[in-house]
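Step one of this worksheet: look at the structure below.
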Amino acid sequence: MDDSVIRNMMAGYALVDEVVAAGIDLFAMGNLKYWLELNVTVLCGIDPVERAEYAQHRQITEERFYEEQDGGIRDIVEWYQGRLGESVWARAAGLYVRLLSRPQLFVEGNHRTGALAISCILVTEDEPPFVLTADNATMYFDPSTVIKNTEKQGLAMLFRSPGLTKQLATFLAEHADRRYLLPR
């Protein structure tokens, strides 16, 4: 990862801290804009000049985010609401599978935004955020390749999703590091 990716991810984790500290529910109507902000942050950081350069890209992303029938934010929210009884690890992993499968939620930055969304879910329930490191990157990105080549609405998703979700949930739990959790 280059310096700008790391800098933007750090800004993204700071945003996760702000969202959680403010008690913002990412899945509540009126709060969906925070998903877009997570995505813009991983792509552009917080520099207003760089954000201005991405204005057209942000507009295209926002249209896709709200209007995509099979893969927009509505799909994510409805999926998540149906899984509130599952463990936090399963919900976080399943959300990532849903976000990354085709059609992806965002035009660009789905892996990084997904890591931040996972972190929001985990931290909200007093679990450590998921932090991508050089040590865990391969194990994180390997199943991601399978996920991003799977259609949300296809039979492959129906059969692959439970196994991928379980594998990712186990990975997240095994790599949870309480040192990354801020005291409340």
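Only the coordinates and a few stated rules stand behind these numbers; no lab work does. None of the values given here were measured: they were computed from a predicted structure. So basically every Cβ, Gly included, is an ideal-geometry build from the backbone, and we count neighbours across all protein chains shown.
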The stretch 131-179, subset of a type in the set (S, T, N, Q), without any contact (Cβ under 8 Å) to a residue 60 or more places away in the chain and assigned to a loop (DSSP other than H, G, I, E, B), residue farthest from Met9 (Cα to Cα) | Thr150
From the options Glu63, Glu78, Glu86, residue that is over 15 Å from the mean Cα position of the chain (by Cα), surrounded by fewer than 16 Cβ atoms within 10 Å (Cβ to Cβ), at negative phi and part of a loop (DSSP other than H, G, I, E, B) = Glu86
Considering only the stretch 98-111, how many residues are surrounded by 21 or more Cβ atoms within 10 Å (Cβ to Cβ) and within 9 Å of the chain's Cα centre (by Cα)?
-> 3
Of all residues in the stretch 133-149 being farther than 13 Å from Glu174 by Cα and hydroxyl-bearing (Ser, Thr, Tyr), the one that is surrounded by the most Cβ atoms within 10 Å (Cβ to Cβ) = Ser144
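Determine whether Phe130 is surrounded by 18 or more Cβ atoms within 10 Å (Cβ to Cβ), under 25 Å from Asp3 (Cβ atoms) and in contact with a helix residue (DSSP H, G or I) (Cβ under 9 Å, 6 or more places away or on another chain). Full working, then the answer.
Numbers: surrounded by 18 or more Cβ atoms within 10 Å (Cβ to Cβ): yes; under 25 Å from Asp3 (Cβ atoms): yes; in contact with a helix residue (DSSP H, G or I) (Cβ under 9 Å, 6 or more places away or on another chain): yes.
Answer is yes for this residue.
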Might you check whether a residue that is charged (D, E, K, R) and within 30 Å of Leu182 (Cα to Cα) occurs anywhere in the stretch 62-74?
-> no
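Given the criteria in a helix (DSSP H, G or I), surrounded by fewer than 18 Cβ atoms within 10 Å (Cβ to Cβ) and among the aromatic types (Phe, Trp, Tyr), does Trp35 qualify?
Values: in a helix (DSSP H, G or I): yes; surrounded by fewer than 18 Cβ atoms within 10 Å (Cβ to Cβ): no; among the aromatic types (Phe, Trp, Tyr): yes.
No.
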Check the stretch 66-75 and report whether any residue there is under 14 Å from the mean Cα position of the chain (by Cα), surrounded by 12 or more Cβ atoms within 10 Å (Cβ to Cβ) and free of Cβ contacts under 8 Å to residues at least 40 places away in the same chain.
-> yes
Just to be sure, is Gly114 more than 16 Å from the chain's Cα centre (by Cα) and assigned to a helix (DSSP H, G or I)?
-> no
Confirm whether Arg160 is basic (Lys, Arg) and closer than 25 Å to Leu43 by Cα.
-> no
